[in-house]
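The values are calculated or read from the model by the stated rules, or taken from the named source; none is laboratory data. Please read these numbers as outputs of a predicted model, since none were measured by experiment. Backbone-built Cβ (ideal geometry, glycine too); neighbour counts: all protein chains shown. Ligands, DNA and RNA are excluded from the accessible area calculation, which covers all protein heavy atoms including side chains. Shrake-Rupley method; radii C 1.70, N 1.55, O 1.52, S 1.80 Å.
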Amino acid sequence: MTRSLLIVDDDQELVELMSDAFSRDGRFDIKTANNGFDAGMLVKEFRPDLVVLDIMLPDINGKEVCQRVRADSTLEAVKVICISGMVEEDKIQELRLSGADEFLHKPFDIDQIVSSALACAERARGNA
């Protein structure tokens with residue numbers, strides 16, 4: 001079963017690296033965005049099963065994007081994996097309270113993000 005995935009990060013190299021990894025896995029239909037505004041628009045249009053979302057974006061930060069997704073009841077099935085280089089536990093807790101399903105610290109192993117995404121997607125199917 002193919003799942004839809006939106007990758008959001010302002011680091012184009014990382015976006016390409018993640019896109020390649022998810023493409024190799026073969027279970028994802030992938031779209032990408034490089035800022036929070038585009039991410040918000042794509043979530044509404046593309047309605048992904050899963051969003052891999054960087055927190056430090058050049059315009060609207062990832063936490064706000066996550067809150068907007070969670071505020072839209074038609075997007076309640078969307079799973080959000082936040083990624084960031086920040087390590088403050090209180091900030092990570094704020095992200096979880098904003099609706100993040102998972103959090104991964106940068107730098108992460110590229111296989112780790114794929115396996116986290118698959119686990120998240122499986123949990124989503126289990127709850128559906």
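In this structure, does P58 turn out to be exposed (fewer than 15 other Cβ atoms within 10 Å of the Cβ) and touching a residue at least 40 places away in the same chain (Cβ under 8 Å)? Answer is yes for this residue.
Number of residues in the range 42-71 that are closer than 10 Å to L6 by Cβ and either in a strand (DSSP E or B) or among the small types (G, A, S) (or both) equals 4. L75: farther than 17 Å from R96 by Cβ and not aromatic (F, W, Y), yes or no? In short, yes. Within the range 25-36, residues that are over 15 Å from I110 (Cβ atoms) have Cβ atoms under 6 Å from residues that are open to solvent by 50 Å² or more (accessible area, probe 1.4 Å) and of a type in the set (D, E) in these pairs: N34/D10; N35/D59; G36/D59, counting only partners at least 6 apart in sequence or on another chain. For the range 42-55, a residue qualifies if it is open to solvent by 10 Å² or more (accessible area, probe 1.4 Å) and without any contact (Cβ under 8 Å) to a residue 40 or more places away in the chain, and the qualifying residues are L42, K44, E45. Residue count for the range 1-41 satisfying the condition of being among the acidic types (D, E), assigned to a strand (DSSP E or B) and either open to solvent by less than 60 Å² (accessible area, probe 1.4 Å) or within 14 Å of D54 (Cα to Cα) (or both): 0. Restricting the search to the range 65-79, which residues are under 16 Å from F37 (Cα atoms) and either in contact with a strand residue (DSSP E or B) (Cβ under 9 Å, 6 or more places away or on another chain) or open to solvent by less than 70 Å² (accessible area, probe 1.4 Å) (or both)? Of everything in the range 65-79, those that are under 16 Å from F37 (Cα atoms) and either in contact with a strand residue (DSSP E or B) (Cβ under 9 Å, 6 or more places away or on another chain) or open to solvent by less than 70 Å² (accessible area, probe 1.4 Å) (or both) turn out to be V65, C66, V69, R70, D72.
Just to be sure before I move on: is D90 within 17 Å of L17 (Cα to Cα), open to solvent by 40 Å² or more (accessible area, probe 1.4 Å) and either free of Cβ contacts under 8 Å to residues at least 12 places away in the same chain or in contact with a His (Cβ under 8 Å, 6 or more places away or on another chain) (or both) in the structure I sent? No.
Of the numbered criteria (1) at pLDDT 90 or above; (2) surrounded by 13 or more Cβ atoms within 10 Å (Cβ to Cβ); (3) small (G, A, S), the one A121 fails is (1).
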